[in-house]
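Have a look at the structure below before the remarks.
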Ligand SMILES: C[S@@+](CC[C@H](N)C(=O)[O-])C[C@H]1O[C@@H](n2cnc3c(N)ncnc32)[C@H](O)[C@@H]1O
Ligand code: SF4
Ligand code: SF4
């Protein structure tokens, strides 16, 4: 793995070169936190096209427009800090702004075509198939590659399927992606690899969240493993041996509850090599996980969805609010700033001031790195005006208190943008 954090720190400290991060979002916040903790150094500034972010600070670093950043630091190096918009930004910097590729620390060649970022960079692994995105839309199913059972052949089959799919999209032939709003004509990599690996199904869990539809829900103790289930660790090894992983890929772990998985130690070993985001319900304080947090660039993503013991019990199906809060404090003590907390707004359950205020107080206490706002992504019921107002209340309070925030569901995004 390429250590970009060290490279940026070296340019700033040894080379005395200004370094501008492009993208004032969670990727920059994460990078800055790592730069601070490993090298006690900050980037020169951040730039972003979003006017509402310009003139403010992110993690103590000034956010400017691209034009102002270039005129203040004409010889600066750029680092593209956006997992989602990275290809577009490289295209914009090199083709529109004529910035030399040598001045972009994480440059890779890009070209224009019709595609989507998930197709171009993601590998998602379920118990029986490989896929690209977790969206299903209209009459279509998102593209999926059934696993044939041969680990050595899987990377080849994946590459062949992906190349044909993207060629067909661009030639106007029918594909499972037809009609998807995520398809756009934009910059994408000239040479495709895998930047994001996500493990999202299977496993076991000790909670019973009302919104969760995953198989893992409330399966404990573990059932015997199915003979045909994909072994996540083996599949990643196969993709790595085939040379398909990028030089700094990240892994999202969200299959069941990792801290009670019998194979968690093997998984933690794999995660040591990469940047990772671990989804956990935090019911267990796992020493080995705490050790991993200290060792590598990892964050914990915890969906708390409540701010009181009673609501937590109703939503999560277990009376463990106190224990979870205590564990969050301990994880943060082990690695300050490692926590991302999520609030899924569930009408009739947690759309009230008491829970939202309690949640935000906890976010303060555990020095949360970022808050995610979501809704139940599988719900088809329209949101009441009261629920919409409470979603706006949550977003406003997050802003007022200066927390970094990411809105992770389309419905929540729509409600908040309609209000603005
Ligand atoms: C399935 S869980 C597995 C990992 C771990 N047990 C946890 O709860 O974080 C992964 C993530 O999916 C999210 N999730 C599950 N069902 C959802 C739903 N219906 N709507 C929105 N997010 C959901 C949870 O909030 C959690 O952050
Ligand atoms: S269905 Fe949409 S999001 Fe999924 S891979 Fe196809 S274009 Fe991308
Ligand atoms: S803790 Fe995670 S896997 Fe378990 S029921 Fe809740 S959302 Fe589902």
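Summary of values
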| item | result |
| --- | --- |
| Spin-label model distance (nm) - residue 295 vs residue 213, 7 Å beyond Cα toward Cβ | 3.7 nm |
| Convex hull volume per residue for the range 254-303, taking Cα atoms only, in Å³ | 69 Å³ |
| Sites residue 184 and residue 111, calculated FRET efficiency, Cβ-Cβ separation with R0 22 Å, nearest 0.05 | 0.95 |
| Over the range 294-420, relative contact order from alpha-carbon pairs under 8 Å, at least 6 apart, % | 25 percent |
| Sequence-separation-based contact order of the range 115-279, relative, with Cα cut under 8 Å and 6+ spacing, percent | 26 percent |
| Value at 222 nm in deg cm²/dmol, rounded to 500, when DSSP H runs of n ≥ 4 in the chain each add -39,500 (n - 2.57) | -10500 deg cm²/dmol |
| Length gained when the stretch residue 163-residue 357 is fully extended (0.36 nm per residue, less Cα-Cα span) | 65.0 nm |
| For the chain: span of alpha carbons on each principal axis (Å, largest first) | 57, 51, 43 |
| The chain - percent relative contact order, Cα under 8 Å, separation 6 or more | 10 percent |
| Reduced Cα scattering model of the range 115-279, Debye log10 I(q)/I(0), q = 0.10, 0.16 Å⁻¹ | -0.39, -0.99 |
| Highest to lowest packing among 266-275, 48-57, scored as the average C-beta count within 10 Å | 266-275, 48-57 |
| Those residues of the range 381-420 whose amide nitrogen sits under 13 Å from the label point placed on residue 56, 7 Å along Cα→Cβ | 395-407 |
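No lab work stands behind these numbers, since they all come straight from the coordinates. Note that the coordinates shown come from a computational prediction; the quantities given were computed from them, not determined experimentally. Note that we place each Cβ from the backbone using ideal geometry, even for glycine, and neighbour counts take in every protein chain shown.
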